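S.K.: Structure incoming, see below.
The values are calculated or read from the model by the stated rules, or taken from the named source; none is laboratory data. The structure displayed is predicted, hence computed values, not measured ones. Reconstructed Cβ throughout: ideal geometry from the backbone, glycine too, with neighbour counts over all protein chains shown. Keep in mind that these areas ignore ligands, DNA and RNA; they rest on the heavy atoms of the full protein, side chains included. Shrake-Rupley method; radii C 1.70, N 1.55, O 1.52, S 1.80 Å.
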Protein chains: 2
Amino acid sequence: NHIIVCGYGRNGKQAVQKLLDYKKDFIIVEQDQQVIDDCGLDQVNFIRGNANEDEVLIKAGIEKSSTLITALPEDADNLFIVLSARQLNKDLKIISRATEDTSYKKLKLAGADNVILPDTIGGQHMASLIVSPDLIEFWDQLSYGGSEGVNLEQVSFEQMFDEQRECSILDLNMRQKTGCTIIGYKSPDGEYIVNPDPSQKLTQGSKIIVVGNTDQIQQLQRAYRINTEVT
Amino acid sequence: NHIIVCGYGRNGKQAVQKLLDYKKDFIIVEQDQQVIDDCGLDQVNFIRGNANEDEVLIKAGIEKSSTLITALPEDADNLFIVLSARQLNKDLKIISRATEDTSYKKLKLAGADNVILPDTIGGQHMASLIVSPDLIEFWDQLSYGGSEGVNLEQVSFEQMFDEQRECSILDLNMRQKTGCTIIGYKSPDGEYIVNPDPSQKLTQGSKIIVVGNTDQIQQLQRAYRINTEVT
Ligand SMILES: [Ca+2]
Ligand SMILES: [Ca+2]
């Protein structure tokens, strides 16, 4: 149930840093021994080899892994790995890097669940610094998914209610109970509602997205026994 | 008071697309005539030349421009342009792309206000898809800074109050007046408070960040006569 990261370049390195922060279990597939020697990470986190080869992916435990990130510089290599990985594990979550816009569709067709174009995200980010600087600055300093100083959290219906009765957002009494503010609702079929109405019904399989300061989020995590998966 | 974009590669292209969406006034400096011919944009948006040369930046109107984005593939070129641009215009907002982590500090020293590392952002985004998929999905579908379907907006004290008296967030009666929810406060000296308390005082130079659905944000924009700078 671990994560496989193919390629420890700039992109893969940054992904790994975040996985380390959140104490996720991962293994890196990297071809270059020099990169492995220089990285400062534990050697057990590495398999030296070419992720283009099925036996290397199998050695990395692809058949029982949950997620694969492929972050090689060449789109053709990522495409090959996505295709191989999908054949070896149907249930795998596959996230691929791409350089060219035109590779997006190909990688999706090959079986990637998410395709990340760094230059596209970077360009949007640059323009956003012009059109909405305060909003970008505000978002950039929000923290989520980690153990400390978290400002955003997701809470599932199942975490909020032991019993299975329906209930509305108003009934949660969230602000008074935790100080947090509800800013989103995700329906059981994956639709998002931004700034949901207090009368919004909560049903099994739904989630809410909340914002708060560090203390408020901690209070929320305690109140709903949210497992932050961090010790 | 326009924007200069140096380099129309993947990065620059994406930034330009966003500037077009928001009807911003810009000019692109690009060396490669083929890129200019193939881009499908109006020729008036281009200056053909090397942004490394002061006279090209001057021709692009750097002395009366508000912002410069430099998005060339080589960090050394971006560094050169940042340094030249800062010398030509002290008040310019300068945003630079960088490939290597180690260039970040150099570009800042040379005079860049913001440095964007696409691979770093891309890597973080990839890992975020694992550690907090719902939060990333929620944020990615929030829209801001444009004309349609906006979910986030910033409102300044000056937009909220004609008179200069102090007032608290509670006094705004935001939820009842517009349906929007206040999720952030920016103090006059640039500090952010996430999920501010209703008792938070609003003073001259401060701002609030609000979230809402499309209708609610429109109501907010009407209520506070927010100029979205889009026709
Ligand atoms: Ca969490
Ligand atoms: Ca706006």
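S.K.: Identify, by number, the condition in (1) within 8 Å of another protein chain (Cβ to nearest Cβ); (2) surrounded by 19 or more Cβ atoms within 10 Å (Cβ to Cβ) that A:G179 doesn't meet.
M.R.: Every condition holds for A:G179 apart from (2).
S.K.: Identify, by number, the condition in (1) within 12 Å of chain A (Cβ to nearest Cβ); (2) more than 30 Å from B:G205 (Cβ to Cβ) that B:S84 doesn't meet.
M.R.: (1)
S.K.: Residue by residue through the range B:117-135, note down the ones that are under 20 Å from the mean Cα position of the chain (by Cα) and open to solvent by 10 Å² or more (accessible area, probe 1.4 Å).
M.R.: B:L117, B:D119, B:T120, B:I121, B:Q124, B:H125
S.K.: While we're on this one: Out of all the residues in the range B:45-56, is one or more under 24 Å from A:P118 (Cβ atoms) and open to solvent by less than 20 Å² (accessible area, probe 1.4 Å)?
M.R.: yes
S.K.: Moving to a separate point now. Go through the range B:1-49 and tell me which strands (runs of 3 or more DSSP E), entirely inside it, have 1 or more residues that are under 14 Å from the mean Cα position of the chain (by Cα) and within 14 Å of another protein chain (Cβ to nearest Cβ).
M.R.: By residue number, B:3-6, B:26-30.
S.K.: I would also like to ask the following. Wholly within the range B:92-141, which helices (runs of 4 or more DSSP H) include no fewer than the required count, namely at least 2 residues that are at the interface with chain A (Cβ under 9 Å from one of its Cβ atoms) and of a type outside the set (V, I, T)?
M.R.: Of the helices (runs of 4 or more DSSP H) lying wholly inside the range B:92-141, those with at least 2 residues that are at the interface with chain A (Cβ under 9 Å from one of its Cβ atoms) and of a type outside the set (V, I, T) span B:118-131, B:133-140.
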